[in-house]
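The values are calculated or read from the model by the stated rules, or taken from the named source; none is laboratory data. Worth saying up front: this structure is predicted, and the values here are computed from it rather than measured. Backbone-built Cβ (ideal geometry, glycine too); neighbour counts: all protein chains shown. Protein only, heavy atoms only, side chains kept; ligands, DNA and RNA dropped before computing areas. Shrake-Rupley method; radii C 1.70, N 1.55, O 1.52, S 1.80 Å.
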Amino acid sequence: MDTTVLIEQSVIDSILSYARMLHPREAILLLKGKVDKNRIMVNDTQIPPLATHGNTFSTFPLHMLPIDFSIVGVAHSHPSGALRPSVTDLNKFYGQIMVITAYPYRSEKNLAIFDREGKPLKYEVI
Ligand SMILES: [Zn+2]
């Protein structure tokens, strides 16, 4: 069965504006919400507790995050403008979904959600 992702508009706005703020550095945000069978709801973001300037998603120690079942995935930015996960991204997959936003982080068109295999997931903004 297909996974449905429901994401709040405020979450999209936070990801885009955080990415714009940190550009040209890479922004990382934890996605909070809940998973209910094949439905994933995202309703909040959180700056990772271990975030330091200069960390990129590929160098960020995800294994050091506290165990928190409200984290459904991680969002990060691609200052290069590529709107797809890299091999490293897929190797570092954390949670159920991965959100990538690509430069210029202007709208939903610059944002995509992927599953563990790197397949784009359809999502609905609520
Ligand atoms: Zn990446």
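Tell me the residue from 82, 75 that is touching a Ser or Thr at 6+ places or on another chain (Cβ under 9 Å), modelled with pLDDT of 95 or more and within 19 Å of residue 120 (Cα to Cα), please.
Step by step, each of 82, 75 is checked, and only 75 is touching a Ser or Thr at 6+ places or on another chain (Cβ under 9 Å), modelled with pLDDT of 95 or more and within 19 Å of residue 120 (Cα to Cα).
Any chance segment 105-118 includes a residue that's assigned to a loop (DSSP other than H, G, I, E, B) and free of Cβ contacts under 8 Å to residues at least 24 places away in the same chain? Even if it seems obvious, please write down each step before you answer.
Of segment 105-118, the ones assigned to a loop (DSSP other than H, G, I, E, B) are 105-107, 115-118.
After this cut, where a residue has to be free of Cβ contacts under 8 Å to residues at least 24 places away in the same chain as well, the list is none.
No.
In this structure, does residue 123 turn out to be crowded, with 20+ Cβ neighbours inside 10 Å, at pLDDT 95 or above and in contact with a helix residue (DSSP H, G or I) (Cβ under 6 Å, 6 or more places away or on another chain)? Outline the logic, then answer.
Working: crowded, with 20+ Cβ neighbours inside 10 Å: yes; at pLDDT 95 or above: yes; in contact with a helix residue (DSSP H, G or I) (Cβ under 6 Å, 6 or more places away or on another chain): no.
No: the conditions fail for residue 123.
Within segment 24-33, track down each residue that is within 16 Å of the ligand (Cβ to nearest atom) and either charged (D, E, K, R) or open to solvent by less than 60 Å² (accessible area, probe 1.4 Å) (or both).
Result: 25, 26, 27, 28, 29, 30, 31.
Those residues that are open to solvent by less than 60 Å² (accessible area, probe 1.4 Å), part of a loop (DSSP other than H, G, I, E, B) and within 16 Å of the ligand (Cβ to nearest atom), I need them from segment 62-82; list them, please.
Residues satisfying the conditions are 79, 81, 82.
Of the residues 13, 2, 36, 44, only one is acidic (Asp, Glu), at pLDDT below 90 and open to solvent by 60 Å² or more (accessible area, probe 1.4 Å); which?
Values: 13 fails: at pLDDT below 90; 36 fails: at pLDDT below 90; 44 fails: at pLDDT below 90.
None of the other options fit; the residue is 2.
On the basis of being surrounded by fewer than 15 Cβ atoms within 10 Å (Cβ to Cβ) and more than 16 Å from the ligand (Cβ to nearest atom), does residue 96 make the cut? Steps first, answer last, please.
Values: surrounded by fewer than 15 Cβ atoms within 10 Å (Cβ to Cβ): no; more than 16 Å from the ligand (Cβ to nearest atom): yes.
When the stated conditions are applied, residue 96 does not pass them.
From the list 101, 52, 59, 88, which one is without any contact (Cβ under 8 Å) to a residue 24 or more places away in the chain, within 15 Å of the ligand (Cβ to nearest atom) and out of contact with any Phe, Trp or Tyr (no Cβ under 6 Å at 6 or more places or on another chain)? Give the steps one after another, and end with the answer.
On the way: 101 fails: without any contact (Cβ under 8 Å) to a residue 24 or more places away in the chain; 52 fails: within 15 Å of the ligand (Cβ to nearest atom); 88 fails: without any contact (Cβ under 8 Å) to a residue 24 or more places away in the chain.
On inspection, the qualifying residue turns out to be 59.
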